[in-house]
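A.B. asks: Structure incoming, see below.
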Protein chains: 4
Amino acid sequence: MIVMAAHATPSDLKAVVARIRLLGFTPHVSHGRERTIVGVVGHETDSDLEALVALTGVERVVRVLNDYPLASRDFHPADRVIEFANGVRLGGPEVLMMAGPCAVEGREQLEEAATAVASAGVRVLRGGAFKPRTSPYSFQGLGEEGLRMLRSVADGLGLLVITEVVAGEDVDLVARYADLLQVGARNMQNYRLLQACGAVDRPVVLKRGLSATVDELLQAAEYILAGGNQQVALCERGIRSFEPSIRFSLDITSLPVLKRLTSLPIVVDPSHAAGRSEYVPAIARAAVAAGADGLLVEVHPRPSEALSDGAQSLDLNAFSALMVEVGKIAEAVGRRAA
Amino acid sequence: MIVMAAHATPSDLKAVVARIRLLGFTPHVSHGRERTIVGVVGHETDSDLEALVALTGVERVVRVLNDYPLASRDFHPADRVIEFANGVRLGGPEVLMMAGPCAVEGREQLEEAATAVASAGVRVLRGGAFKPRTSPYSFQGLGEEGLRMLRSVADGLGLLVITEVVAGEDVDLVARYADLLQVGARNMQNYRLLQACGAVDRPVVLKRGLSATVDELLQAAEYILAGGNQQVALCERGIRSFEPSIRFSLDITSLPVLKRLTSLPIVVDPSHAAGRSEYVPAIARAAVAAGADGLLVEVHPRPSEALSDGAQSLDLNAFSALMVEVGKIAEAVGRRAA
Amino acid sequence: MIVMAAHATPSDLKAVVARIRLLGFTPHVSHGRERTIVGVVGHETDSDLEALVALTGVERVVRVLNDYPLASRDFHPADRVIEFANGVRLGGPEVLMMAGPCAVEGREQLEEAATAVASAGVRVLRGGAFKPRTSPYSFQGLGEEGLRMLRSVADGLGLLVITEVVAGEDVDLVARYADLLQVGARNMQNYRLLQACGAVDRPVVLKRGLSATVDELLQAAEYILAGGNQQVALCERGIRSFEPSIRFSLDITSLPVLKRLTSLPIVVDPSHAAGRSEYVPAIARAAVAAGADGLLVEVHPRPSEALSDGAQSLDLNAFSALMVEVGKIAEAVGRRAA
Amino acid sequence: MIVMAAHATPSDLKAVVARIRLLGFTPHVSHGRERTIVGVVGHETDSDLEALVALTGVERVVRVLNDYPLASRDFHPADRVIEFANGVRLGGPEVLMMAGPCAVEGREQLEEAATAVASAGVRVLRGGAFKPRTSPYSFQGLGEEGLRMLRSVADGLGLLVITEVVAGEDVDLVARYADLLQVGARNMQNYRLLQACGAVDRPVVLKRGLSATVDELLQAAEYILAGGNQQVALCERGIRSFEPSIRFSLDITSLPVLKRLTSLPIVVDPSHAAGRSEYVPAIARAAVAAGADGLLVEVHPRPSEALSDGAQSLDLNAFSALMVEVGKIAEAVGRRAA
């Protein structure tokens, strides 16, 4: 919709109408008391109508429809469910718990954590082999060796594996070891990576960027869907705010907003949002109460010795307690933690 | 704590130390390999040590302690409870439900809403008589006439009344009609109003400003506490973020943060955070799951006809459903809605 | 403009149209391929059309026109100029320099600062007598005694006075001593104060709230203009962002945005935005380069001893240097500092 | 620096001290009246001390030193200058103007724009061949064909070329055609890409992420510097804020902040910050006034027909006018536009 300026002349309007026609759209002109408005209906995704603001006399261009046809609930009204061979589901009646250490540091640490989360009832093991770190001097992960450990430890316990992939060229490698691929917040708009995820036969959990709008998150998901991979889940993990007491502000409202706009499953990562382990249980409970389909939780046998994200990792006792609390909330909303 | 610059000279350091002594503090100098740091311990609230950054060679001044001794949990470790004559409590084991229309528009609308919320189990009626509105052309409330209606309708149903006060000079007037005073987000740093609230014998629910940090909220509460009124509750109602799909982003993480820093009761207002009624239930459930001691919910008999905040008001059916949902979450965290 | 949901039924649409008619507007229905849109043109300020989102089948309500007719450039196309008895102008070809200490601390400090800024060419003295402070334990200003000092020192040097007013009930008092009233960022939506400013015969410099949008700033100005006071200037002083290295992020882009939307003069306060004196000159130069009509600068004889805002106050030498730099930039944009 | 909680026990403190020693650091314990603080000085970049917050009794971990030794001004006090074969410099006394279309759309459009910017005095041509676009359905650039056009058109006019690289695997390809590589805001934390940029012999202009702090920007630059490439410039292009009237808020204060923390040259991109061409000149002037060493400006022969970023591209006349304005500001700060 194009809003003409108060001082726009008839010939300004004519130029706008002509340009819209040239782009293949049908303009609808409405003359109001204070403003003239030109409506344009069509496949707005084909073209960048926003450039029309550069024409004389145009005050604003307002987009009315969304730009993510495949991700939209309009396109796929029923909630989508991602199903795994062993019966695990993401997006179904269960709230899927995915837990494990931030980074795979070694076989021993991984086994200790994996055994504990499995015994608490978790069926999906998380762990990072490729770690995107703010500082070049921080631990960057064990790479393929870490992937091998993840797979082997998970297989020993009958767990699925979710792990992060950080570059398009790594997608096939990671997909050989993992059951779910995770795209991190800093890579939400790494389009080469998204395109590679669109071409692989693995479900992808796409994390919302630190300052990405809901609309941008859905457009990023659209890259994967448009590539042919329909197994996409979104993950809210906190947005950047002005508040210094927390690392990121979990945008809890995004859950009902996303549920309205899309039928893709929604995961919440309370650990990265909190930045501090003692805040994790409250955020995890809130997420499930608000409708999350799954949680991604960082657990470490000895958080104060972790090579990354120790501050926000739960120890094994705290995680067991969390599982009980989350289970009760899941029941209160008619689901169950699994 | 004062961090000296890498290039600071010994005489820069001497000047800083001298200035700290002159302010009545004891400096502790630590020479590190890369930087010299001067620690200052004392009642930091007495003075603005931040001005020391203006001295040559000072790189940064880092505040370590908080500036709200009375609001701090250090000062008052046990959760504080506000009790009312009729047995209603805020901060106790119950999650206190406060509900009603955004604005008192007339006797009929108020009675209809109040009767409905009372029959759903609510014991505190909310309603605005003085409305702070963004536009000077919007409905500004009925003033004292609205207060009278609130009191009379509430008395007829055995309800308590919470209503907003927008100026220091109105505090006594509003306190004659209301059981709880509410200070709105836009007035969180209206210090004249806070001082007046400190001098009145009524509990005050202080809403967090749209971009106020947790620290600033606690310092605002400190104004009321320092004035002598110990009955203060804080209210999270959403912060300003970059996300356009919602009016405000409810900062759910602030609940565990506040619970750690203070023992004052915490209320959540899901209606203003959502800006749209269909998002209210998810946010309300999340708030209770995260530890809220009370909820403030906007309810209107016919939201599409409301003179203010219609978009975010629940109708009577939706509110009844919400009460049931919230009750289940309250139980899941070992409390009950009241 | 009302955007109907994809799944809206004909009877949903009928209800929306009926409701718009009932509100006294004329609806224009456009049926697009994917959505139906209902345009409403009229005095949108009369009513809160946003409540229509509560009707079944309505997806969104998009506001097209602004809500500040008096502040709008449409209403008053030519740049507005505020003129003072001594020939000083705000909004004319000069860039008006207003400088002085954050707070009036005493006669001596004020005289020293005022003499220095006057000798550097400044004709408007700033200084706070009523100080809104984050902590109740910080210095709160000298009150009327401070106003008296300001007036007397300014008169001795032939300066105008600008000072802050923090409550509606103080407006008449402050107006007896000051030539310009300043409304602080934390009070931008203190509507009682704005209304009092609308009824007084003094120019008002209205500061943008820490997280106020440009639209909200203009609506706040509308309160003063609608009250009958046409002498309003706006002040950009930094907005809250996620960046921890600065106190506030000066929103430099708001200058051309405001210049497009309104003809009211625009002042910039580089001191509060910076939070640290060494950043002030760069921000001050940028503001003038971007079109600011005036600057409000904090100057203190000995910043490290200031009772408030010492970290961001310039000392007298730094201020003299700033005046020279700003003068050059003013010339580069075809104006002059005055 | 580790701040112990008020309730921390002596044995909590002992555990913290022991853990710090185990990590190879020397702890300095200071007992204050209200809190005990443990200072740790050393190469903090070696390890993640933040995990210590997971120990019992630790309230906060405050980082005092920066994490970017190579990027820091402490390491390299004098302003760094990037020099090119033809005498063009970035970071020297000139303000380097880089201009051209957002995307290379075809030979004709590129030649027209390049000829115009060259005749206005510009010596560095910008143009995108690989375009990171929010929507998968938007024009994604011409790829290597676009690079070839850029090189050939630039050579014909004696211009240098700056163009964006979006993936680590493309760095060598792009470096064959371009004189400067540009890393976009969405890729600021694409570490694989940064590492590849660290290994190439081309200057890199690294754009600040949409919500990246200054500290994170400098740590991202550190990735390139640590890889061995010392020719890095930083680019401020606007940060995400709550303000809906602009696309991004140019963080003008970051210029003096960056100048204090690093000696790397600073470029500003006024086009992406503005999102609308009429705001570009004011922002460009402000940037130069605040100390920018270069500008990146989008110019298009016919903005309303551009395949990307038309709304914010200047047409050829507007760009010529901008060059004159910027030249005057550059002189006012003792430099010259080149």
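A.B. asks: Can you pull out every residue in the stretch B:144-167 that is in a loop (DSSP other than H, G, I, E, B) and of a type outside the set (Val, Ile, Thr)?
C.D. replies: B:GLY158, B:LEU159, B:ALA167
Every residue, every condition in (1) more than 9 Å from chain D (Cβ to nearest Cβ); (2) more than 23 Å from D:ALA51 (Cα to Cα); (3) among the acidic types (Asp, Glu), yes or no:
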{"position": "A:GLY127", "(1), (2), (3)": "yes, no, no"}
{"position": "A:THR134", "(1), (2), (3)": "no, no, no"}
{"position": "A:ALA154", "(1), (2), (3)": "yes, yes, no"}
{"position": "A:ALA167", "(1), (2), (3)": "no, yes, no"}
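A.B. asks: Something else: Report whether or not A:LEU159 is among the hydrophobic types (A, V, I, L, M, F, W, C), more than 30 Å from D:ASN187 (Cα to Cα) and under 24 Å from the mean Cα position of the chain (by Cα).
C.D. replies: Yes; evaluated as a whole, the condition is true for this residue.
A.B. asks: Please state which of the following conditions C:ILE252 fails to meet, knowing it meets all the rest: (1) out of contact with any strand residue (DSSP E or B) (no Cβ under 7 Å at 6 or more places or on another chain); (2) touching a residue at least 12 places away in the same chain (Cβ under 8 Å); (3) within 14 Å of chain B (Cβ to nearest Cβ).
C.D. replies: Result: C:ILE252 fails condition (3) only.
A.B. asks: For A:GLY184, which of the numbered conditions (1) touching a helix residue (DSSP H, G or I) at 6+ places or on another chain (Cβ under 7 Å); (2) within 14 Å of chain D (Cβ to nearest Cβ) fails to hold?
C.D. replies: Checking A:GLY184 against (1) touching a helix residue (DSSP H, G or I) at 6+ places or on another chain (Cβ under 7 Å); (2) within 14 Å of chain D (Cβ to nearest Cβ), the one that fails is (1).
A.B. asks: Let me ask something else. Inspect the stretch B:283-297 for any residue being buried (at least 24 other Cβ atoms within 10 Å of the Cβ) and closer than 18 Å to C:LEU52 by Cβ and give the result as yes or no.
C.D. replies: There is no residue in the stretch B:283-297 that is buried (at least 24 other Cβ atoms within 10 Å of the Cβ) and closer than 18 Å to C:LEU52 by Cβ.
A.B. asks: Can you say whether B:VAL288 is part of a helix (DSSP H, G or I), touching a residue at least 24 places away in the same chain (Cβ under 8 Å) and not hydroxyl-bearing (Ser, Thr, Tyr), as far as the supplied structure shows?
C.D. replies: Criteria met by B:VAL288.
A.B. asks: Is there any pair with a first residue in the stretch A:292-315 that is outside the structural domain of A:VAL95 (by TED's automatic domain parsing) and a second that is not aliphatic (A, V, I, L, M) whose Cβ atoms are under 9 Å apart and which are 6 or more apart or on different chains, and what are they?
C.D. replies: none
A.B. asks: Also: So, in the stretch B:147-175, how many residues would count as being touching a Ser or Thr at 6+ places or on another chain (Cβ under 8 Å) and either farther than 22 Å from B:VAL297 by Cβ or buried (at least 22 other Cβ atoms within 10 Å of the Cβ) (or both)?
C.D. replies: Looking only at that region, the number is 3.
A.B. asks: Continuing with the same structure: For the stretch C:1-43, enumerate the residues that are outside any loop (DSSP other than H, G, I, E, B), under 20 Å from A:ASN66 (Cβ atoms) and in contact with a Leu (Cβ under 8 Å, 6 or more places away or on another chain).
C.D. replies: C:ILE2, C:MET4, C:ASP12, C:THR36, C:VAL38 - these are the residues of the stretch C:1-43 that are outside any loop (DSSP other than H, G, I, E, B), under 20 Å from A:ASN66 (Cβ atoms) and in contact with a Leu (Cβ under 8 Å, 6 or more places away or on another chain).
A.B. asks: Going by the structure shown, is C:ASP309 of a type in the set (Asp, Glu) and more than 28 Å from C:ASN86 (Cα to Cα)?
C.D. replies: Yes; evaluated as a whole, the condition is true for this residue.
A.B. asks: Suppose we filter the stretch C:255-295 for residues that are of a type in the set (S, T, N, Q) and at the interface with another protein chain (Cβ under 7 Å from one of its Cβ atoms); how many remain?
C.D. replies: 1
A.B. asks: Let me ask you something else. Where residues in the stretch A:316-338 are over 23 Å from B:ALA282 (Cβ atoms) and touching a residue at least 24 places away in the same chain (Cβ under 8 Å), which of them is surrounded by the fewest Cβ atoms within 10 Å (Cβ to Cβ)?
C.D. replies: Only one residue fits best here, namely A:ALA321.
A.B. asks: Next question, about the same structure. Hey, D:SER119 hits all of (1) within 22 Å of the chain's Cα centre (by Cα); (2) more than 12 Å from every other protein chain (Cβ to nearest Cβ) but one; which does it fall short on?
C.D. replies: Every listed condition holds for D:SER119 apart from (1).
A.B. asks: Of the numbered conditions (1) among the hydrophobic types (A, V, I, L, M, F, W, C); (2) in contact with a Phe, Trp or Tyr (Cβ under 7 Å, 6 or more places away or on another chain); (3) under 17 Å from C:PRO203 (Cβ atoms), C:ALA233 fails exactly one; give the number of that condition.
C.D. replies: Checking C:ALA233 against (1) among the hydrophobic types (A, V, I, L, M, F, W, C); (2) in contact with a Phe, Trp or Tyr (Cβ under 7 Å, 6 or more places away or on another chain); (3) under 17 Å from C:PRO203 (Cβ atoms), the one that fails is (2).
A.B. asks: Please state which of the following conditions C:SER119 fails to meet, knowing it meets all the rest: (1) without any contact (Cβ under 8 Å) to a residue 12 or more places away in the chain; (2) buried (at least 16 other Cβ atoms within 10 Å of the Cβ); (3) touching a Ser or Thr at 6+ places or on another chain (Cβ under 9 Å).
C.D. replies: Of the numbered conditions (1) without any contact (Cβ under 8 Å) to a residue 12 or more places away in the chain; (2) buried (at least 16 other Cβ atoms within 10 Å of the Cβ); (3) touching a Ser or Thr at 6+ places or on another chain (Cβ under 9 Å), the odd one out for C:SER119 is (2).
A.B. asks: May I pose another question? Would you check which residues across the stretch A:1-39 are facing another protein chain (nearest Cβ under 7 Å) and surrounded by fewer than 14 Cβ atoms within 10 Å (Cβ to Cβ) and list them?
C.D. replies: Listed by number, the list holds a single entry, A:ARG33.
A.B. asks: Moving to a separate point now. For C:VAL174, indicate whether it is in contact with an Asp or Glu (Cβ under 9 Å, 6 or more places away or on another chain), more than 9 Å from chain B (Cβ to nearest Cβ) and either in a helix (DSSP H, G or I) or basic (Lys, Arg) (or both).
C.D. replies: Yes, satisfied.
A.B. asks: Moving on to the next point. Answer yes or no: is there a residue in the stretch D:114-125 that is outside any helix (DSSP H, G or I), of a type in the set (Gly, Ala, Ser) and touching a helix residue (DSSP H, G or I) at 6+ places or on another chain (Cβ under 9 Å).
C.D. replies: Yes, that holds for at least one residue.
A.B. asks: Further question on the same structure: Can you name every residue in the stretch D:246-282 that is under 19 Å from C:VAL257 (Cα atoms) and among the small types (Gly, Ala, Ser)?
C.D. replies: D:SER249, D:SER271, D:ALA273, D:ALA274, D:GLY275, D:SER277, D:ALA282
A.B. asks: Of C:GLY141, C:GLY92, which residue is on the phi > 0 side of the Ramachandran plot, part of a loop (DSSP other than H, G, I, E, B) and modelled with pLDDT under 95?
C.D. replies: Exactly one of C:GLY141, C:GLY92 is on the phi > 0 side of the Ramachandran plot, part of a loop (DSSP other than H, G, I, E, B) and modelled with pLDDT under 95, namely C:GLY141.
A.B. asks: Being more than 10 Å from every other protein chain (Cβ to nearest Cβ), farther than 26 Å from D:PHE248 by Cβ and touching a residue at least 40 places away in the same chain (Cβ under 8 Å) is the filter; apply it to the stretch A:189-229 and report the residue that is nearest to the chain's Cα centre (by Cα).
C.D. replies: Checking each candidate, the answer is A:VAL205.
A.B. asks: Could you please let me know if C:GLY238 is within 10 Å of another protein chain (Cβ to nearest Cβ) and closer than 15 Å to C:PRO203 by Cα?
C.D. replies: no
The values are calculated or read from the model by the stated rules, or taken from the named source; none is laboratory data. The model shown is predicted, which means the values in this text are computed figures rather than measured ones. Cβ sites come from the backbone with ideal geometry, for glycine too, and all protein chains shown count toward neighbours.
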